[in-house]
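Undergrad: Got a structure for you, questions after.
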Number of protein chains: 2
Amino acid sequence: MQPLALLLASDAAKIPLSMLVVFVSAKLMAEACERIGQPGLVGEILAGVVIGPSVLGWMAPGDFLSALSELGAMFLLFRVGLEVKSSELLKLGGTATVVACGGVVAPFIMGWGILTLWGAPQLAAVFVGAAMVATSVGITAQVLSTKKLLHLVSTKIILAAAVIDDVLGLLVLAVVSSFAKGKVDLIGLAVTGILAVGFTIVVAKWGTRTMDKIVPQGEKLHVGEAQFAIAISFMFALALLAVYTGVAAIVGAFLAGMALAESTGPRVRDLSHGVTELLVPFFLVGIGLNVDLRALSDPGTVMLAALILGAAVVSKFIGCGLGAWPMGKTDAFRVGVGMIPRGEVGMVVAQMGLAMGVIQQNIYIVVVFMSVATTIIAPPLLKIAFKDAIMPGQSEVEEFRLG
Amino acid sequence: MQPLALLLASDAAKIPLSMLVVFVSAKLMAEACERIGQPGLVGEILAGVVIGPSVLGWMAPGDFLSALSELGAMFLLFRVGLEVKSSELLKLGGTATVVACGGVVAPFIMGWGILTLWGAPQLAAVFVGAAMVATSVGITAQVLSTKKLLHLVSTKIILAAAVIDDVLGLLVLAVVSSFAKGKVDLIGLAVTGILAVGFTIVVAKWGTRTMDKIVPQGEKLHVGEAQFAIAISFMFALALLAVYTGVAAIVGAFLAGMALAESTGPRVRDLSHGVTELLVPFFLVGIGLNVDLRALSDPGTVMLAALILGAAVVSKFIGCGLGAWPMGKTDAFRVGVGMIPRGEVGMVVAQMGLAMGVIQQNIYIVVVFMSVATTIIAPPLLKIAFKDAIMPGQSEVEEFRLG
C-alpha cells in the first residue's frame, strides 16, 4: 500500500480496529466458556486479560475503551433496573440493609487485619479495608439476568443490598480519606451521607410514580422513538445526579431503570437491549484489561494477593450470608455468593490511595487483582447457588421479550 | 458539597454529563424542527451548533464525542445497508456510476474555478475542489430511512452513487496530495484504485452469498444473541478492511449491512436500531459542533463561503441530476438533491490541506462551513423532492418492524 492510504488508515482504523478486537475476542472466549459449562461473562473478562498487557499486549486500558466500558456498565444496570419494581425492592429494604452492613463490616475488618499483621502502615491497612467494601453489582446482575432469575427474592435482596452497599462504601471512603488528609471534616461527612441516602430513597420511593406520569406523554412527541429517548435521557440525568450526590453513576442508572420499570413497554427494552449487547463486552473486557499478571512475580506479593482474595471471598460470603440468614439457608447462601464480586469501585479506592502516597505499588496491584479475581470467581459460584432455580423454559414469556 | 465528593464527581461526571447534554439538546431541537415541519436531524445538527463553540460553548469537539460520532455514522450506514439488497444495487450500477462521475467532475471544476478567480494559489484551489467532491450519504440515508423510502429506485441510485463517489473521492484526494507533495506516484495511485474498487465490488457481489451461509450457523452457538454478535463483528471487520483499502469506514459498514440484508431477521434489526437511536445524535451533533460561526466575521470570508456553498449545492444537483436524467425528471431531481450533503470527508480533506500548509485558515473554515451547511440544506429539499412518495401508512409492515 502507498503512504497516503497508510497515513489515512492509521488514524481512521483506530476505532473499528479496537471495536473489532475487543468485541470479537470477548465473544469467542464467551463461546468457549459456555461450551465448558461456565458463564460467558467469565470468558469476556478473561478475554480482557488475554488481549491486555499480561499476555498478548494488543490492548491497554485507554480513554476510549474505558468510556465505552463505563457506558456499558450504565446500560447494564439500567436494563436490570427495568426488570425490578421499586415497590418490591423497598419491601425488602430492612433485610437488605442488614445484609449490606454485614458486607461492609466483615471485609473492612479482615482487609485491615491482614494488612496490619503483614506489617503495613495503619493508613495503608485502612485503605485496603475500604477497597474491599464495595460490591460490584454489575457482574451478579448480568449473570442473574442472563439466567432470567431477576424475579427471585434473593436476587432482589442482592440488588438492594448492593445499592445500599455503594452508599455505605462512599461513606467509608470519605472517612478514610479524611483520616489520610489528617483532618476529619464532620460536617462534610454528614452532608455526603445525607445527600447520598436522600437521593437513593427519593428516587426509589417517588421515581416510579413520576415516570408513570411523564413517559406516556412521549406519545404526543413528534420525534421517532420518543419513549426510548425519554428513558435514556432520564438514565443519563440520574447517573449524573448520582455522581454529584456522591454515589456511583451505575447506581443512578439502576434507579432510573427501576423508576421506568412500570411505565415502559417492550420496545424500549428491546432497544436498550441492543445497546447493552454492544457495550457490555467493553465493560467486561475493561475489567480484564486492568489486571497485569506480570506484576505478580514477587512471591511475597503473590502470597498477599492470595490471602486478600481469600478474605474478600470469605468476608462477603459470611458477612452478607449472616445478614440474610433469617430467610433460610438457601437464600442466605445465594445472597452471600451474589455479593462477592468487587469491581471498579475497589480499583478507584486503591488508585486514590496510590495517588495520595498512602499505599505502595505492590499493594495497589494486590487490590486490583482481588477486584478482578472476585468477579471471575463469582459467576461459577452463582451458577451452583442458583442451580435449583434455573429451570429450562421456566419463563418463556420473558425469554421471548428479552430474547 | 464537600471537596471529596466534588473531586470524585468532576472526573466521574464527565461521561454522563456529555451524554446528557448532547443527547437531550439533540432531541429537544429535533422535536422543535419536527413541529415546524422540518426533518428532525436538521435540529440535531443545529443543536451541535448551539451547544458548540459558536453560541453557548458548552461542548467542543473532543476524542470521546468524535469516537461516538464515528460509531454512530457506522451504525447508521449499517442499518441502511440492512434494508438494501445488493442484487438490486448492482443492477443500478451503470446509472449510479454515471451519477457519481457527474457528481465528482462538476463540484471539482466549480470549486477549483471559484478559488482560482478569487486569486487563491493553484494548489489551494485544487484542494478546495477535492473537498467538494465526496457526498456524505449518512444524512440522505437517515432522512430517507426515517421516511421509509429506502425501497425507491432513486434512493438506491443515491446510495450506490454515494459509495462509488467515495471511491472516486479517494482517488481525487490521492492525486491532489501527490501534486502537493510535488511527485506523482503512479504505481501507488494504481494500487489504491484497484484495492478500493476491488474491495467494493467483491463485497457487493459475493458478500450476500457468503453471509447467507455463515449467519444461520449462529443458531449453533451458545452465547446469547449470537446472530447480532456475528452481524456487528462482520460490520467492524468490513469497516476496518474498508479503511485499509482506502475507502471510508462507513462505506464498509454499509456494505456489511447490505451483505447481511437477506440473512438476518427482525431481532438483529431491532437491536441494531437501539444502538443507532443512541449514537446517531452524536454523529449529527458532532457535525454541528465543528462549525464556528465566529470565524465568519470577515466580510471577504463570508462572501467566499456563500459562493462556495452555492457552488456545492448547484454542482452536485446538476452533475448528479444530469447523470440520472434518463430515468425521468422526478428521479433526476431526487438524485440531484440527495447527493448534495457533504460531510466529514470534506472536512478531512480540508484538514489535510491545512496541515500540509496548502490552504489557509480562512479557506479551511469556508470548507467546513460548506460541509455543515449542505447537510442542513439537503433534508428540507429532500422532503420536497420526495413529497409524492411519502404517503401516510404506505409501508405499515416496515413501520411495525422498524418502529
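The values are calculated or read from the model by the stated rules, or taken from the named source; none is laboratory data. Not measured: the values here are computed from a predicted model. No Cβ is skipped: glycine too gets one built from the backbone with ideal geometry, and neighbour counts run over all protein chains shown.
Undergrad: So which of A:Gly48, A:Gly43 ends up being part of a helix (DSSP H, G or I) and in contact (Cβ under 8 Å) with a residue 60 or more places away in the chain?
TA: A:Gly48
Undergrad: Moving on to the next point. Residue by residue through region A:374-403, note down the ones that are of a type in the set (A, V, I, L, M, F, W, C), in a helix (DSSP H, G or I) and modelled with pLDDT of 50 or more.
TA: Of everything in region A:374-403, those that are of a type in the set (A, V, I, L, M, F, W, C), in a helix (DSSP H, G or I) and modelled with pLDDT of 50 or more turn out to be A:Ile376, A:Ile377, A:Ala378, A:Leu381, A:Leu382, A:Ile384, A:Ala385, A:Ala389.
Undergrad: Would you call B:Leu278 modelled with pLDDT of 90 or more, under 18 Å from B:Gln142 (Cβ atoms), crowded, with 24+ Cβ neighbours inside 10 Å and within 7 Å of another protein chain (Cβ to nearest Cβ)?
TA: yes
Undergrad: Also: How about region A:171-223: which of its residues are hydroxyl-bearing (Ser, Thr, Tyr) and either in contact with a Pro (Cβ under 9 Å, 6 or more places away or on another chain) or at pLDDT below 80 (or both)?
TA: If the condition is that a residue be hydroxyl-bearing (Ser, Thr, Tyr) and either in contact with a Pro (Cβ under 9 Å, 6 or more places away or on another chain) or at pLDDT below 80 (or both), then A:Ser177, A:Ser178, A:Thr192 are the ones that fit.
Condition check ((1) among the aliphatic types (A, V, I, L, M); (2) buried (at least 23 other Cβ atoms within 10 Å of the Cβ); (3) at the interface with another protein chain (Cβ under 10 Å from one of its Cβ atoms); (4) out of contact with any Cys (no Cβ under 6 Å at 6 or more places or on another chain)) across all residues:
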| site | (1), (2), (3), (4) |
| --- | --- |
| B:Val22 | yes, yes, yes, yes |
| B:Ala32 | yes, no, yes, yes |
| B:Arg35 | no, no, yes, yes |
| B:Gln38 | no, no, no, yes |
| B:Gly43 | no, yes, yes, no |
| B:Val49 | yes, no, no, yes |
| B:Pro53 | no, no, no, yes |
| B:Asp63 | no, no, yes, yes |
| B:Ser66 | no, no, yes, yes |
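Undergrad: Also, I was wondering about something else. Considering each residue of region A:210-265, count those that are more than 10 Å from chain B (Cβ to nearest Cβ) and of a type in the set (Ser, Thr, Tyr), and give that number.
TA: Total meeting the criteria: 3.
Undergrad: Restricting region A:233-267 to residues that are more than 29 Å from A:Gly188 (Cβ to Cβ) and free of Cβ contacts under 8 Å to residues at least 60 places away in the same chain, which is surrounded by the fewest Cβ atoms within 10 Å (Cβ to Cβ)?
TA: A:Gly265
Undergrad: Being at pLDDT below 80 and of a type in the set (A, V, I, L, M, F, W, C) is the filter; apply it to region A:61-96 and report the residue that is farthest from B:Phe282 (Cα to Cα).
TA: Looking at the filtered set, the residue picked out is A:Leu89.
Undergrad: Now for a different question. Quick check: is even one residue across region A:90-104 surrounded by 21 or more Cβ atoms within 10 Å (Cβ to Cβ) and of a type in the set (Lys, Arg)?
TA: Among the residues of region A:90-104, not one is surrounded by 21 or more Cβ atoms within 10 Å (Cβ to Cβ) and of a type in the set (Lys, Arg), which makes the answer no.
Undergrad: What residue, of B:Val22, B:Val50, B:Val42, is β-branched (Val, Ile, Thr), under 22 Å from the mean Cα position of the chain (by Cα) and within 21 Å of A:Met235 (Cα to Cα)?
TA: Working: B:Val50 fails: within 21 Å of A:Met235 (Cα to Cα); B:Val42 fails: within 21 Å of A:Met235 (Cα to Cα).
Being β-branched (Val, Ile, Thr), under 22 Å from the mean Cα position of the chain (by Cα) and within 21 Å of A:Met235 (Cα to Cα) holds for just one of B:Val22, B:Val50, B:Val42, which is B:Val22.
Undergrad: Here's a follow-up. Report, by residue number, each residue of region A:373-388 that is under 15 Å from the mean Cα position of the chain (by Cα) and small (Gly, Ala, Ser).
TA: A:Ala373, A:Ala378
Undergrad: Looking only at region A:348-363, count how many residues are buried (at least 22 other Cβ atoms within 10 Å of the Cβ) and over 19 Å from A:Leu171 (Cβ atoms).
TA: 2
Undergrad: Sticking with this structure for a sec: From the list A:Ser145, A:Ser136, which one is under 27 Å from A:Leu241 (Cβ atoms) and out of contact with any strand residue (DSSP E or B) (no Cβ under 7 Å at 6 or more places or on another chain)? I'd like the intermediate steps shown before the answer.
TA: On the way: A:Ser136 fails: out of contact with any strand residue (DSSP E or B) (no Cβ under 7 Å at 6 or more places or on another chain).
Checking each option against the conditions leaves just A:Ser145.
Undergrad: Could you tell me which of the residues A:Lys147, A:Lys183 is surrounded by 14 or more Cβ atoms within 10 Å (Cβ to Cβ) and of a type in the set (Lys, Arg)?
TA: When all the criteria are applied, what remains is A:Lys147.
Undergrad: I would also like to ask the following. Six or more apart or on different chains, Cβ atoms under 6 Å: show the pairs whose first residue is in region B:180-199 and facing another protein chain (nearest Cβ under 10 Å) and whose second is part of a helix (DSSP H, G or I).
TA: Listed pairs, sorted by first residue: B:Asp185/B:Ser178; B:Leu189/B:Ala174; B:Thr192/A:Ala5; B:Thr192/B:Ala174; B:Leu195/B:Thr245; B:Ala196/B:Val167; B:Ala196/B:Leu170; B:Ala196/B:Thr245.
Undergrad: Moving on to the next point. Checking A:Val223 against (1) surrounded by fewer than 20 Cβ atoms within 10 Å (Cβ to Cβ); (2) free of Cβ contacts under 8 Å to residues at least 40 places away in the same chain: exactly one of these is not met. Which one?
TA: All conditions are met except number (1).
Undergrad: Checking A:Val202 against (1) touching a Ser or Thr at 6+ places or on another chain (Cβ under 6 Å); (2) free of Cβ contacts under 8 Å to residues at least 60 places away in the same chain, which single condition isn't satisfied?
TA: Going through the list (1) touching a Ser or Thr at 6+ places or on another chain (Cβ under 6 Å); (2) free of Cβ contacts under 8 Å to residues at least 60 places away in the same chain, A:Val202 breaks only (1).
Undergrad: Let me ask you something else. Specify which of the listed residues (A:Leu76, A:Leu115, A:Leu82) is surrounded by 24 or more Cβ atoms within 10 Å (Cβ to Cβ), farther than 27 Å from A:Ala253 by Cα and more than 9 Å from chain B (Cβ to nearest Cβ).
TA: None of the other options fit; the residue is A:Leu115.
Undergrad: If B:Val176 satisfies every condition in (1) crowded, with 20+ Cβ neighbours inside 10 Å; (2) under 30 Å from A:Gly40 (Cβ atoms); (3) more than 21 Å from the chain's Cα centre (by Cα) but one, which is the exception?
TA: Against the list (1) crowded, with 20+ Cβ neighbours inside 10 Å; (2) under 30 Å from A:Gly40 (Cβ atoms); (3) more than 21 Å from the chain's Cα centre (by Cα), B:Val176 comes up short only on (2).
Undergrad: While we're on this one: From (1) modelled with pLDDT of 90 or more; (2) in contact with a Pro (Cβ under 8 Å, 6 or more places away or on another chain), pick out the condition that doesn't hold for B:Arg294.
TA: It is condition (1) that B:Arg294 fails.
Undergrad: Between B:Ile340, B:Ile318, B:Ile376, B:Ile359, which is in contact (Cβ under 8 Å) with a residue 12 or more places away in the chain and within 18 Å of B:Phe127 (Cα to Cα)?
TA: Checking each option against the conditions leaves just B:Ile359.
Undergrad: Something else: Evaluate the following for B:Leu289: is it within 10 Å of another protein chain (Cβ to nearest Cβ) and at negative phi?
TA: Answer is no for this residue.
Undergrad: If we only count helices (runs of 4 or more DSSP H) wholly inside region A:59-124, which ones have 1 or more residues that are more than 28 Å from A:His273 (Cα to Cα), in contact (Cβ under 8 Å) with a residue 24 or more places away in the chain and of a type in the set (D, E, K, R)?
TA: Result: empty, no element qualifies.
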